[in-house]
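One structure is given below, encoded as structure tokens.
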Amino acid sequence: MWKGLGLALALCLLPYGGTESQDQSPVCKPPPAWSIKDQNPMLNSMGRVTVVALLQASYLCLLQASRLDDLRIKLDKEGYSNVSYIVVNHQGISSQLKYIHLKNKVSDHIPVYPQEENQTDVWTLLNGNKDDFLVYDRCGRLVYHLGLPYSFLTFPYVEEAIKIAYCGNKCGICSY
């Protein structure tokens, strides 16, 4: 019990749940509108806690991608169902060429969205960086923006952020 309480306290004391600077996306605000190939993943996941992972096909990101489904399964078994997981690939040409490697590291339950050069960069819109995890509540409000090292899935921070978004009302009452 004390371990969980200490971890929850640590998450609350971190600015935005990570190491971001003050110019990052404000907590408890909806993300800016973004879409990829006429799909709006955030709109499609309203009513569910949503986890957006900003990954690319590098060694660390591929490892993170492979661990993401393990986290999804673990949380589902613990009763944290109806959580949306989204991976957004980097926009760079190298990432575009390696998109299939990233997609192959996650299960079919987690969509991986490729970005194209001619579209607005989603990572920039979200004030995100490689390996960032953004956790939104059921109303689509940002609860945590976790950056390295807090976003390593071997640490409990992403898992705890999802649980807090799922069970808590950090951003106030949600109609969902």
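Every number in this text was worked out from the coordinates using simple rules, so none of it is lab data. Quick caveat, the model's predicted, so the values are computed rather than measured.
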Which pairs, out of LYS105/LYS130; LYS74/LYS105; LYS29/LYS103; LYS74/LYS163, put more than 19 Å between their alpha-carbon atoms?
LYS29/LYS103
With Cα coordinates, the longest principal axis of the chain makes an angle with the long axis of helix 157-167, in degrees rounded to 10, of 60
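For region 121-176, just say rounded, prolate or oblate: build the C-alpha gyration tensor, square-root its eigenvalues into a ≥ b ≥ c, call rounded for a/c under 1.5, and beyond that prolate if a/b exceeds b/c, oblate if not. Please report the intermediate quantities before stating the final value.
Numbers: a/c = 3.19, a/b = 1.31, b/c = 2.44.
Taking the square roots of the gyration eigenvalues as a ≥ b ≥ c, region 121-176 is oblate.
Rounded, prolate or oblate: which one fits region 37-176, using the alpha carbon gyration tensor with axes a ≥ b ≥ c (rounded when a/c is under 1.5, else prolate when a/b beats b/c, else oblate)?
Details: a/c = 1.73, a/b = 1.38, b/c = 1.25.
Note, shape of region 37-176 comes out prolate.
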How high is the relative contact order of the chain, in percent, with contacts defined as C-alpha pairs under 8 Å that are six or more residues apart?
33
Take every Cα pair under 8 Å in region 130-176 that's 6+ residues apart, average their separations, divide by the length, and report that relative contact order as a whole percent.
37
